[in-house]
Amino acid sequence: MTAPLNKSPLLVFLLLGSGLFAGQRWLADAGDERRVVTVTDEQVDALRARWDAQWGRAPSDRELQGLLDEAVREEILYREALRLGLDHGDPIVRRRLAEKMTFMLEDNAEVPAPTGREVEEYFSAHAERYREPLRTTFRHVFLSNDQRGDGQRRAAAVLREVRNGEEGSWRGAGDPFRLLREYTDRTGREIAELFGADFATTLGGLAVGGWHGPVGSVHGTHLVRVIGRSRPQPPALDGVRERVARDLLEARRRKQNRYALQALRERYDVRLPVSAPLAERP
């Protein structure tokens, strides 16, 4: 189990190491206005505009709150980095300093290596993470959405054709397709990357054998036949033990880092404008 925050080597570093890094400055600026983080309406508008420029739409309240949290996090880490003198001799500012402060937090977060029993417990709690994914083998006939006429009627006609045709006749049906017409042992993620998430989801619900459709994808419309699915076997710990140990160690490190950042944030009075969603207001 992760050490309580009041016993963390990092917290000891933050509380006692100030004499080494900042001397009396730590106490002198306790009431200083620099300890107040104020986010203005103009800054919130800038975050919205940046999001809109990147994604072509306004951010949701949840997304905007995430942007605000990240901006406040960066400001706090930036100020802490300046307080510790990490800017000396470094021509890159703000973001680089925030990164340095993050690295310092991580370097001072001592996380003990997990024991064999802890690895086993973590594996039992997260066994699905280590299970080999379901793999699907399927064929498809492509129907371009650029073709004129009634797309649904055409799809129904081609579907009857491939259902009633001879084995292999499906290869000549439909329209030319720039990728493959048959895929073997592909995971859901691989299928989604090729055809889109909606296609992968629909494919996962189709029965094995027989032709189905129409099924939409990022390319157009498809008639699909699922040939088979390989059901993954439960993983054995011995085959993934090193990976589980690394994952457990990384999970502990992330948790410790969250505690450390929260300890820093609690030293600041963060003031957001009334227009900000879920804002901390004075």
Listing of helices (runs of 4 or more DSSP H) fully contained in the range 1-105 that carry 3 or more residues being modelled with pLDDT of 80 or more and farther than 30 Å from residue 248 by Cβ:
41-55, 61-83
Test residue 168 against the criterion of being touching a residue at least 24 places away in the same chain (Cβ under 8 Å) and not aromatic (Phe, Trp, Tyr), and give yes or no.
no
Return the total of residues in the range 262-282 being surrounded by 15 or more Cβ atoms within 10 Å (Cβ to Cβ) and in a helix (DSSP H, G or I).
3
Does residue 237 satisfy the criteria of being crowded, with 17+ Cβ neighbours inside 10 Å and modelled with pLDDT of 85 or more?
no
Do we have any residue at all in the range 139-152 that's more than 30 Å from residue 259 (Cβ to Cβ) and part of a helix (DSSP H, G or I)?
yes
From (1) farther than 14 Å from residue 134 by Cβ; (2) exposed (fewer than 15 other Cβ atoms within 10 Å of the Cβ); (3) without any contact (Cβ under 8 Å) to a residue 24 or more places away in the chain, pick out the condition that doesn't hold for residue 176.
(3)
Conditions (1) over 28 Å from the mean Cα position of the chain (by Cα); (2) among the small types (Gly, Ala, Ser); (3) not in a loop (DSSP other than H, G, I, E, B) -> residue 174 fails only (3)
Being under 30 Å from residue 161 (Cβ atoms), of a type in the set (D, E, K, R) and buried (at least 16 other Cβ atoms within 10 Å of the Cβ): is that true of residue 225 here?
yes
Suppose the filter is within 19 Å of residue 131 (Cβ to Cβ), touching a residue at least 24 places away in the same chain (Cβ under 8 Å), assigned to a helix (DSSP H, G or I) and out of contact with any strand residue (DSSP E or B) (no Cβ under 9 Å at 6 or more places or on another chain); does residue 252 pass it?
no
Test set (1) surrounded by fewer than 12 Cβ atoms within 10 Å (Cβ to Cβ); (2) over 30 Å from residue 207 (Cβ atoms); (3) not charged (D, E, K, R) - residue 259 fails condition number
(1)
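The values are calculated or read from the model by the stated rules, or taken from the named source; none is laboratory data. Owing to the predicted nature of the structure, the values given are computational and were not obtained by experimental measurement. Neighbour counts are summed over all protein chains in view; Cβ atoms, including those assigned to glycine, are modelled from backbone coordinates with ideal geometry.
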